[in-house]
Amino acid sequence: MSDLQAPLRPKRKKGLVDFLVHFRWIFVIFFVLPFSTLYYFLIYLGDVRSEMKSYKQRQKEHDENVLKVVKRLKQRNPKKDGLVCTARKPWIAVGMRNVDYKRARHYEVDLSAFRNILEIDKKRMIARVEPLVNMGQITRVTVPMNLSLAVVAELDDLTVGGLINGYGIEGSSHIYGLFSDTVVAYEIVLADGRVVRATKDNEYSDLFYAIPWSQGTLGFLVAAEIKLIPVKEYMRLTYTPVVGNLQDLAQGYMDSFAPRDGDQDNPEKVPDFVEGMVYSPTEGVFMTGRYASKEEAKKKGNKINNVGWWFKPWFYQHAQTALKKGEFVEYIPTREYYHRHTRCLYWEGKLILPFGDQWWFRFLLGWLMPPKVSLLKATQGESIRNYYHEMHVIQDMLVPLYKVGDALEWVHHEMEIYPIWLCPHRLFKLPVKTMVYPEPGFEQHRRQGDTPYAQMFTDVGVYYAPGPVLRGEVFDGAEAVRKLEQWLIKNHSFQPQYAVSELNEKDFWRMFDADLYEHVRRKYGAVGTFMSVYYKSKKGRKTEKEVQEAEQAHLETAYAEAD
């Protein structure tokens, strides 16, 4: 794309909803932040109480809770009761997509008790956890042991179940892949009440490969065994500024972690962590991290930055200082580095609290941050929710690494959103074709970042109000998302299902591959019990009749088109 000139748009007339959104910070400060702090504290007490129990006691409670799920499923009358879903309230989910499928008649199963770390097995280097364990909870336990999940998503509130059934990524994903790629076993309650353990090489291997991206539509995940890795106390982080056009920025980002000689598995050339932030069409900062010991970090002359303290500048703004002072290196405590974007929710905090990044607010009230996303959603109302869908973008574009420059140019032309988050991840070539998969024949091109067994992709994270909205111009958010989705389909790229989507069913299965997913749904009795992944992700309200007719159609014919 050579023409980066943004299209001219007329001015937009503002209404009452604009006024409510503009001054929503008043409600956030006096209501959402205090209640969020109380909520977080109560959750923390519950986590501490759980950690005080022995692994044996936690396992006993887990087995009892699994039996309750099985009993509840077997009590369901398929002819009278609706499709099965969790009893979790719709507003609790962290994603922006409205959980509209729960507005139809449904049969609820309560999974709220599944929030315990069941075992940390240092010998096998495995963490066995329940699905509602979140990232903050597990790093609080593992990091003091000098252990960590191989992939730790940045925000504290993100849960294991959400990252497995949906989408999870971190700065280490260029080595380990997506969060689901680090799972070695799933414990699943199937539609008929059977409890199975699925691994990549047992009789349920097809279920093992189908679970990621399935949105809980194949069965109930009640436990997962996840790979652990050894870590050190600090992260040695290098901030490198790059100036140029968007293609130059994309190349600088690629060069930060992908050797041009193709030696992608060489730990001497490839850092432990990678992250990029593009601040404008001409400026970006790319960060590479390597684990470092406490002894190294505290050597004379080294700078230690405790980014997790409430009064510290927000991380993305701190990284931006590299554009003025040039490349620099500092040491960050490992757990604080993992959750560096939690306090400001990347940069969404700037829209929620326009002055939240000011020094006086950080010192006085920064300890209340962040507002809990679920409380923000629960208190926004229908009109504000619809406003955000039209005037706000929270999307991730999973694109092949060599197309990052094109993706940046597309976002600039259509949305003008900055900053943009960049995070690489491997998409592995698996024994079966899953919902997301590398480009056919990628291994023959030997592009930068690729290996014979995995194609390097990148998450282009687009989170903020578009430039036209900030300038008061007309912006059609739904149309912008439709264009984005068509660009993704055309370029063998993917859209995580947490986001607001405008895809119809035909295009949904053009983006994702349906074969394994539909095979597993039929084989394990999910059809007629759990809603299909498209209807669970679809924008808008779903009626029971609509879903049942769609399920019947799936029994008769497949929707996926052949490549």
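The values are calculated or read from the model by the stated rules, or taken from the named source; none is laboratory data. Predicted model, so just to flag it, every value in this text is computed and none were measured. In this analysis, Cβ positions are derived from the backbone assuming ideal geometry, glycine residues included, and neighbour counts consider all displayed protein chains. When the accessible area is computed, the model is the full protein with side chains, heavy atoms only, and any ligands, DNA or RNA have been set aside. Shrake-Rupley method; radii C 1.70, N 1.55, O 1.52, S 1.80 Å.
Here's the yes/no breakdown for (1) of a type in the set (A, V, I, L, M, F, W, C); (2) at pLDDT 95 or above:
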{"site": "Asp255", "(1), (2)": "no, yes"}
{"site": "Ala258", "(1), (2)": "yes, yes"}
{"site": "Glu268", "(1), (2)": "no, no"}
{"site": "Ser280", "(1), (2)": "no, yes"}
{"site": "Phe286", "(1), (2)": "yes, yes"}
{"site": "Arg290", "(1), (2)": "no, yes"}
{"site": "Pro313", "(1), (2)": "no, yes"}
{"site": "His318", "(1), (2)": "no, yes"}
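For the structure I just gave you, tell me whether Asn134 is of a type in the set (S, T, N, Q), modelled with pLDDT under 85 and within 28 Å of Gly381 (Cα to Cα). So that I can check it myself, show each step before the final result.
Details: of a type in the set (S, T, N, Q): yes; modelled with pLDDT under 85: no; within 28 Å of Gly381 (Cα to Cα): yes.
Against the criterion (of a type in the set (S, T, N, Q), modelled with pLDDT under 85 and within 28 Å of Gly381 (Cα to Cα)), Asn134 does not qualify.
Going through the stretch 407-437 one residue at a time, which ones are open to solvent by 20 Å² or more (accessible area, probe 1.4 Å) and touching a strand residue (DSSP E or B) at 6+ places or on another chain (Cβ under 8 Å)?
Tyr418, Phe428, Lys429, Tyr437
Check off (1) open to solvent by 30 Å² or more (accessible area, probe 1.4 Å); (2) closer than 18 Å to Phe257 by Cβ for Thr458 and give me the number that stays unchecked.
(1)
Taking the stretch 351-369, which residues are part of a loop (DSSP other than H, G, I, E, B) and touching a Phe, Trp or Tyr at 6+ places or on another chain (Cβ under 9 Å)? Step through it out loud before you land on a result.
So in the stretch 351-369, the residues part of a loop (DSSP other than H, G, I, E, B) come out as 353-358, 369.
Listed by number, the residues that qualify are Leu353, Pro354, Phe355, Gly356, Asp357, Met369.
Which one is surrounded by the most Cβ atoms within 10 Å (Cβ to Cβ) among residues in the stretch 306-326 that are part of a loop (DSSP other than H, G, I, E, B), more than 24 Å from the chain's Cα centre (by Cα) and not aromatic (Phe, Trp, Tyr)?
Lys312
Can you tell me which residue within the stretch 52-70, out of those that are open to solvent by 70 Å² or more (accessible area, probe 1.4 Å) and touching a residue at least 12 places away in the same chain (Cβ under 8 Å), is farthest from Asp121 (Cα to Cα)?
If we filter the stretch 52-70 for residues that are open to solvent by 70 Å² or more (accessible area, probe 1.4 Å), which is where we start, we get 52, 55-57, 60, 63-64, 67-68.
Now narrow it down to the ones that are touching a residue at least 12 places away in the same chain (Cβ under 8 Å): 55, 68.
Numbers: Tyr55: 11, Lys68: 26 Å.
By that ranking, first place goes to Lys68.
For residues that are surrounded by fewer than 24 Cβ atoms within 10 Å (Cβ to Cβ) and among the basic types (Lys, Arg), scanning just the stretch 529-546, find the one that is modelled with the highest pLDDT.
Out of the qualifying residues, it is Lys536.
For the stretch 366-383, what are the residues that are buried (at least 16 other Cβ atoms within 10 Å of the Cβ) and not polar (S, T, N, Q)?
Residues of the stretch 366-383 that are buried (at least 16 other Cβ atoms within 10 Å of the Cβ), as a first pass: 366, 368-377, 379-380.
Hits for the stretch 366-383 are Gly366, Leu368, Met369, Pro370, Pro371, Lys372, Val373, Leu375, Leu376, Lys377.
Testing Arg446 on (1) open to solvent by 10 Å² or more (accessible area, probe 1.4 Å); (2) within 24 Å of Arg12 (Cβ to Cβ); (3) in contact with a Gly (Cβ under 9 Å, 6 or more places away or on another chain), one condition comes back false. Which one is that?
(2)
If a residue has to be among the small types (Gly, Ala, Ser) and open to solvent by 10 Å² or more (accessible area, probe 1.4 Å) to count, how many in the stretch 481-503 make the cut? Give the steps one after another, and end with the answer.
So in the stretch 481-503, the residues among the small types (Gly, Ala, Ser) come out as 493, 499, 501.
From what's left, open to solvent by 10 Å² or more (accessible area, probe 1.4 Å): 501.
Qualifying residue count for the region: 1.
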